[in-house]
Structure formats: structure tokens, C-alpha cells
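Bear in mind that the values in this text are calculations on the coordinates, not laboratory data. Quick caveat, the model's predicted, so the values are computed rather than measured. FYI the Cβ positions are ideal-geometry reconstructions off the backbone, even for glycines, and counts take in every protein chain you see.
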Amino acid sequence: MTDLFLMGNEAIARGLIEAGCTLASAYPGTPSTEIVQAVVNFRDLAIDPLHIEWSVNEKIAFEVALAHSYTGKRAAVAMKQVGLNVAADPFMRTAYLGVKGGLVLVVADDPGPHSSQNEQDSRQFAAFARVPVLDPASPAEARDMVAEAFALSEELEMPVMLRPTTRICHARQNVPPREVQALRRVSAFQKEPTRWAATPAFLPALHRELNGKLDRLSGDDRFRPQLTPGDGSCAGVCVVAAGICFATAADLLEAQGLLGKIDFFQVRMPYPLHTGFIGDLKARYRRVLVLEETYPVIEDRLDHPGLSGRGDGTVPREGELTPDVIAAALDRFLGRPHPEDAAVAAGRGRRPSLCPGCPHRAAFHAIKTLFPKGIFPSDIGCYTLGLNLGAVDTVHCMGACISQGVGFYHAYAQDGLDVPPIVVTIGDSTFFHAGIPALINAVVQRARIVVVILDNATTAMTGHQPVPHLGLAADGSPAPTVPIENLVRACGVSFVAEGTPYDRAAFEEMLRAAYAHTRQPDGGVAVVISRHPCLMDRRACLTQKRYRMRVETSCTGCRRCLKQFECAAIVFNEDANRAAIDPDLCVGCGTCVPACPVGAIVAADEEAP
Amino acid sequence: MRQQIVISGLGGQGVLFLTRVIAESALRRGAAVLTAETHGMAQRGGSVLSTVKIGTFRSPLIARGTADLGLFLAAENLPVHGPLLREGAALVVAAAEPGAYRAVDAAAVARELGAPVLANLVVLGAAVADDLLCVGRDEVEETIRVLSPPKLVEGNLTAFRRGLALAGSR
């Protein structure tokens, strides 16, 4: 078979199918999303039946996969690093209770971070949970490690974590395909309540068993770090690297003529770290440089007096280890002068922004215009970009906005003074993920807040995974729908209104009524569902009314539309000193009309001259 | 065959597609290829960067001052991603105005073709015509055919050929 050209996440998906995995579950999150998306795309390659699901959140995805493994079959669950925080509860206990069929947990970390609320290191989490973790250095290696992880998981009856990072997930490489295995396993759940339902009485024994497994694994030579030996010219010195840092350091050492001169180790399993290796380093090297992302996981396990890395400042303690950062670390470690490079990149470039025509922008503009003194807790998704419009004050973690709204409300209310309007925005997928318990809590805690659910009928940020009210399964087959309105009412909310933010007057009227409800004696939480499809959905874009937008000469050049509305299709013509429409970017939605204080932005029907 | 390429643009300009076309064209020549791409939030109109490394590399990332070729779909990204280029690197920029690079008025051509997003393939055509890539016209055309959705094949090929026709028109 000829090589395939695969993104790291696709390579992992391919590995899952090749290994005879019969369940893949996930909640989408950058940089992990394409793993299960690719399992969907490659599903016809599977010989055994395969259940694929976009679960409502990571905890659920984990638990579904766990029970699949209890039946003796192979299961995989994928998430981004902060998703593991959500799945932490089942994850921690799984280490003690173990698994039957292989259970591979793929957790994609995001050093930098590029698309996350922090840059936590899941290898540290694996060590905390006492679960073995593999750290791939390339897409092809990530694919190979999937089979390795399944085999190890079944051998030890333990979950195994595969921890790629953004630069593995979103790199592409030629990957030689392997044959797809047919394991033909039939579900056979063996009841064993002292294990699967272990009460505290049984846990010390299970913990002892776990520690015994880890002791054996830390002496297992299959996972001893691999040495690319030097020629003795750099005696007593070595570089230890893991993940993408290994690949980047290899390219740099080669370019500097040092590959094959200096001893260079790749750590494939950072936890448990091979104990013989730790002893060897101490006995054979005076100085050791450790390159890993993002926390000092290997470094902290090396008991070595000549250790260089994050501890002694050779490696920066935060941010991504790019080739330039690693080059500087190598120079410091080897005592070479580091060329001061004049050509330093000027920042990160243009910031991202809501798409032209995005219904969230229309909703945000209405909210902040109506409540200029409001407090605006928001959440994780495309709509985080409401920050640019000044319509988002807090972003924390999935679902936090509603609970934060409650916290703000009670803090202000207990002062006995005027409570500012508290208007929370949360996306539809985020609402299903973690917003429902928070909404019940808000009702029960008598918070007087407006919750705007931004319903664009998709998980937009991560590339349009289906949401529970859409009625679509991961493979595109029909599924039951769970309407948001019903959920909101069932949570005890008495004010629920729904409409498109494209109809500005009606939308503002809804917001006013919602706010009035929060101020009535018997009022409480009010929910507004802002409903309009995401325009990345081509059908939505092509079927909605399209206006011909123009800026009239009455424009005063105040730039308020640029600052307050921030649509990429509204630009400023410096020569004419007024705003203008970029016809290449404008989708003709017409939602920018209210953004002009003097009415100079005009929407004409497309057909009009 | 060994080449390090930087592809820079704004989310929505088709940087990912351009990256794949170049990478898979090199694969047709039997080369080993690594790419790194920007996904996630930055794709919403922000600055995005792809790198393509053709030849025996292990990391998809490019160190500062080492890239052989830059294809910029947005001139405003030059201060951000330009430092990745080595001295003497070839540089093609989608720009209406001339500059210290090969300027290609890709937006004008793409608008003429009725789809502003085609500017990416116009730039690629110009770079291939100037022989700046280690892949040729035939491999690129074949790759565009394979990677494009059936309805877009002809439009994409037209954009690429319009770029080719800009050869030497600097």
C-alpha cells in the first residue's frame, strides 16, 4: 500500500481503526477535534462494528468508553487537555479499578496555548492519576503508539493515555498504512462488584495492585528511552527530549552538525519513567538538558545534579518550545553564543474576529447597546470573540458563565444597592455540555439574571459537530432531538423567549422583556434563545436574504462602526475619511445598519439598482 | 529535493487548501513531506501560518531565518511571519502595489473569476510559473483535481492557470 498523507489527528484515527477499536467517543475541542471526525470519515475501513459518538461532554465520553472496555472490547476516548478536567472524576478512579478491553485516552495538549484557556500538561495529570502516558514525536509515531497503547492497556488491564500536542495533531506527514485488524470480539461483561463497584473496603488492595503494575512498567525495557548515540566528542553531556521537542531538536542538531556527536535520548513514555534510565543518566553524564512540553514532568523525575531545563532557566517555563526557543536553549546548554536576531516577529498578527454575518455579532451589539452598564459573563466558543466588541467581560471554562452570573448577582444584591443588569451569553453546544446544572442552580438560587443562549445549531468553533437539538448522530444518521426550550423550562425557568438577532427591533424587545422579568417581584432567571444558523454553513448563507450594503456620504468618519461592531467587511477608506464596505467579505446580512449613529450604513435589496 | 516553505494569510483565505496542494504535489514526486497548520480560533479571520517542509526533516516547524520560500496571501502578515525567511529567500505576496517582493494582484484576478477565495491558487500559479517551488505545473494540476470537490475543480484549475499566466509580468 502506498503512503497516506495524514494530519496527526487523522493518523491517530487511522491507528484506532487499524487496532480494531470498536468505540470512539469525544467532545470536540482544539486541537483534538479531528480525531473522532476522522474516525467518522474512515469508518468504512473498519471490519468490526464501530460506534462513534460526539458525546455531550468529556466526562460522558469517558464513561461510555469505559463501559465498552468492561465488555472486553477496545475503546478510545479523545479530548483536549482541559476536557480532561471535566473527565477527571471517572479518569482518576479508572486507574484503580482498571479496564478489560483496551482503553486508550487521547488527550491533546496545546502548548502556547494556541486555542485554549491554559497550557496544562496532561502527562502531569497522567502521573497524578497513576496512568501510563505515551508522548509521540510525529503523526506517524502517534499512529504507531495507538496500537502500542491498546496492547499495553490489555496487558496491564489499565487505561493508557496518548498525549499528542498541537504540533502533532495539526501536522501532516506521509504515514504508511497498516492492515485493519478484525478482533471479532463479542461483548462479555464479567460481573465483579468488588472491582467494578469497589467500595472503600476494596480500594487499598486495588491501589496496591496499581502500584505493583507501575513498578513493573517502570522497569520495562520496551519503554526505556531510546538513544541516538554520539561519537564521544561530547562526552559526559546529553540531551533528553520528548514529543515534538524531540523532532525539533533533532532537526536543529542535524543542521548544526551535532546529530551523531552528542548523546540524544527520546523519551516515549514520560510516566512512569524508566528507573534504569534515571540511574544511567546519573552514572554516565555530568550534564543533562531536558526538552519537553509544557511542564517539567520528566525533569522533575530525574534525580541529577547537573540538570538543565526549566529548573535552572535554560528552558523557558511558559509558552511553546518553538525551534527558536529550543535553539536558544541548546546554545545556553552548550555554552555557545546565541546570535541576537534583529528580525523578531512583530506580535501575533491580526486577531481573530467573528465572521461577517455572524449572528453572534448582531446579538452582542444589541445586548451592549441596551445594557451599557451591564456585566457580561460569557463562555468558550466562537462567541468568546464578543470580547472584541466589549460584550464579553469574563471567560473561564465550559459552562462557567451562568454560575458566574449567579455569583455576580448575589455579590451586588447583598449590598442592597442597584444591581447592574447581568446578561450572560452561552453557546448552544456549551449549554448542553455544562450549562444545564448551572441553569438549575441559578433558578434555585433565585438569581435575577438574563441568560442568552446563542443557538447557531452547531459546534461552530471546532468545525461543525452536531449538537443534541439537531437530530443528527456523528455518522450523519438521524437521532432524536432534545429541544433547548424544553430543557430550559424543565430547569424551572419561567421566562423563555426565542428569535433571530437579525430582526433587531424584535430581538431588543425580547431582551427588554427578559430584563423586566428579572426585576419583577416574582421574577428570576430569564432566558432568551438567540436563534440563527452559523453562516459557515453554506446553505444558511445562500438561502438567507442578501442586501447590497453601502455607506452614504453622510458618514462622519467617527469609526464607531469599526470599533463597536467590528465586522471584517466594514473597512475605513482613509482618502475619503469614511467607512466603506469590502465587497469581497460582505455577505449582505444587513445587521450592521444599527451600528451607525447617523444612519449612513444602508441596506438596499440586492435587485435594486 | 529539500525546501522549506512558509504560507501566510488570514483565516478564510484558503491557506490550508494551498498548504495541502503544495504538500501533496511534492508527495507525487516521492518526497517526504511535513506540514504544520493553524486550526481553531485563529481561523476566524485572524493571522494564520502554515509551514511545509519537503525532504528529510523530523519537525514540521521552521526556525527563524531558514525558510526558502514565502507565499503571503496577506501583505499585512509580513512583519509577523517574514522573519521566518532566510536571506535571499523567494517571496511572493498577494498585493496590488509593488514592493520588495514579487507582487501578484491575486485579489483582482480572483474577483474577475467571481470568487475572492481563489486568490490563493492565483498566487500558487505565479510561484510555479516563476519556478520557485520544487514541484511543477503538472503535479500541481493533478493535485488540485484530486483535492477539490467535483464542482470546484474547473474553477480552481482556472485560477491556478491565471496565476501561471502572470509569469514574468512583474
Read phi for every residue in region B:14-28 and hand back ³J(HN,Hα) as whole Hz from Karplus 6.51 cos²θ - 1.76 cosθ + 1.60, θ = phi - 60°, with x for Gly and Pro. x, 5, 5, 5, 4, 4, 5, 4, 5, 4, 6, 5, 5, 4, 4
The simple spin-label model distance between B:A100 and A:T543, using points 7 Å out along Cα→Cβ, in nm, is 5.2
For A:F5, what residues show an amide H to amide H distance below 5 Å, using hydrogens built from the backbone and excluding near sequence neighbours? A:V175
Can you give the relative contact order of chain A as a percent, counting alpha carbon pairs under 8 Å and 6+ residues apart? 10
Treat every Asp and Glu Cβ in region B:3-164 as -1 and every Lys and Arg Cβ as +1, leave all other atoms uncharged, and give the resulting dipole magnitude about the Cα centre to the nearest 20 debye. 360
I'd like the distance separating the alpha-carbon centroids of region A:537-609 and region B:135-168, in whole Å. 33
Taking Cα pairs under 8 Å and at least six residues apart, what relative contact order does chain B come out at, in percent? 23
Convert each backbone phi in region A:441-458 into a coupling constant with the Karplus relation 6.51 cos²θ - 1.76 cosθ + 1.60 (shift: θ = phi - 60°), then list the ³J(HN,Hα) values in order as whole Hz, x for Gly and Pro. 4, 4, 5, 5, 7, 6, 6, 9, 9, 9, 10, 9, 8, 7, 9, 10, 6, 6
Roughly how crowded by other chains is peptide B:46-59, in terms of the mean Cβ count from those chains within 10 Å of each of its Cβ atoms? 5
Based on DSSP H runs of at least 4 residues, each adding -39500 (n - 2.57), what is the mean residue ellipticity at 222 nm of chain A after dividing by all its residues, to the nearest 500 deg cm²/dmol? -9500 deg cm²/dmol
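Over 27 Å between Cα atoms, which of A:K80/A:K282; A:K59/A:K191; A:K545/B:K151 qualify?
A:K80/A:K282
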For B:G30, net neighbour charge (Lys/Arg +1, Asp/Glu -1) across residues whose Cβ lies under 15 Å away: -2
Show that you can apply the helix-only estimate: for chain B, add -39,500 (n - 2.57) for every DSSP H stretch of four or more residues, divide by all residues, and state [θ] at 222 nm to the nearest 500. -10000 deg cm²/dmol
For the protein assembly as shown, size of Cβ-based charge dipole, Lys and Arg +1, Asp and Glu -1, in debye: 500
In whole angstrom, how far apart do the alpha carbon centroids of region B:2-54 and region A:18-85 sit? 27
Distant-in-sequence amide H partners of A:I262 (H built 1.01 Å from N, under 5 Å): A:D231
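Would you please give the FRET efficiency between A:K282 and A:M92, computed as 1/(1 + (r/R0)^6) with r the Cβ-Cβ distance and R0 = 30 Å, to the nearest 0.05? Show your work: numbers first, answer last.
On the way: r = 32 Å, r/R0 = 1.06.
Taking R0 as 30 Å, the efficiency between A:K282 and A:M92 is 0.40.
Tell me, in nm to one decimal, what length is gained between A:Q520 and A:L183 on full extension, where the rule is 0.36 nm per residue of separation less the Cα-Cα distance? Walk me through the numbers on the way to the answer.
Details: separation 337, 0.36 × 337 = 121.32 nm, distance 6.27 nm.
Residue separation times 0.36 nm, minus the Cα-Cα distance, leaves 115.1 nm.
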Across B:A23, B:A94, B:A75, the residue with the highest GNM fluctuation in chain B (Cα network, 10 Å cutoff) is B:A75
Would you please give the residues with an amide H less than 5 Å from that of B:A67, counting only those at least 5 places away or on a separate chain, with H modeled from the backbone geometry? B:L85, B:R86
Beta bridge orientation in chain A: antiparallel %, DSSP, nearest 5: 30
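Going by the alpha-carbon gyration tensor, a ≥ b ≥ c the square roots of its eigenvalues, is chain A rounded (a/c under 1.5) or, if a/c is not under 1.5, prolate (a/b greater than b/c) versus oblate? It would help to have the intermediate numbers written out before the result.
Values: a/c = 1.97, a/b = 1.50, b/c = 1.31.
It is prolate, given that a/c is not under 1.5 and a/b is the larger ratio.
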What net charge is computed for the residues neighbouring B:K53, neighbours being all others with C-beta under 11 Å from the C-beta of B:K53, Lys and Arg scored +1, Asp and Glu -1? +1
Along region A:140-154, Karplus-curve 3J(HN,Hα) (6.51, -1.76, 1.60; θ = phi - 60°) to the nearest Hz, with x for Gly and Pro, reads 5, 5, 4, 4, 4, 5, 4, 5, 4, 5, 4, 4, 5, 4, 6
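Based on the Cβ-Cβ distance from A:K261 to A:D221, what FRET efficiency comes out when R0 is 30 Å, to the nearest 0.05? Walk me through the intermediate numbers first.
Values: r = 26 Å, r/R0 = 0.86.
My answer for the efficiency is 0.70.
For A:I426, A:I449, what's the fewest-to-most ordering of other Cβ within 10 Å of each Cβ?
On the way: A:I426 31, A:I449 26.
With the fewest neighbours first, A:I426, A:I449 line up as A:I449, A:I426.
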Quick one: P(r) of region A:42-171 from all Cα-Cα pairs, 5 Å bins, percents rounded to integers, in order of increasing distance. 2, 11, 21, 24, 23, 13, 5, 1
Distribution of pairwise C-alpha distances over chain B, 5 Å bins, in %: 2, 9, 19, 24, 23, 15, 6, 1, 0
Taking the alpha-carbon centre of each part, the distance from region A:229-252 to region A:466-523 in Å is 56
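Provide A:E157, A:E254, A:E606 in ascending order of the number of other Cβ atoms located within 10 Å of each residue's Cβ, fewest first. Spell out each step's value before the answer.
Numbers: A:E157 17, A:E254 14, A:E606 10.
In increasing order of surrounding Cβ atoms, one gets A:E606, A:E254, A:E157.
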In which sequence would B:Y101, A:Y271, A:Y515 go, from the one with the fewest C-beta neighbours within 10 Å to the one with the most? B:Y101, A:Y515, A:Y271
Which residue fluctuates most in the GNM of chain B (Cα springs below 10 Å): B:A119, B:A96, B:A110? B:A96
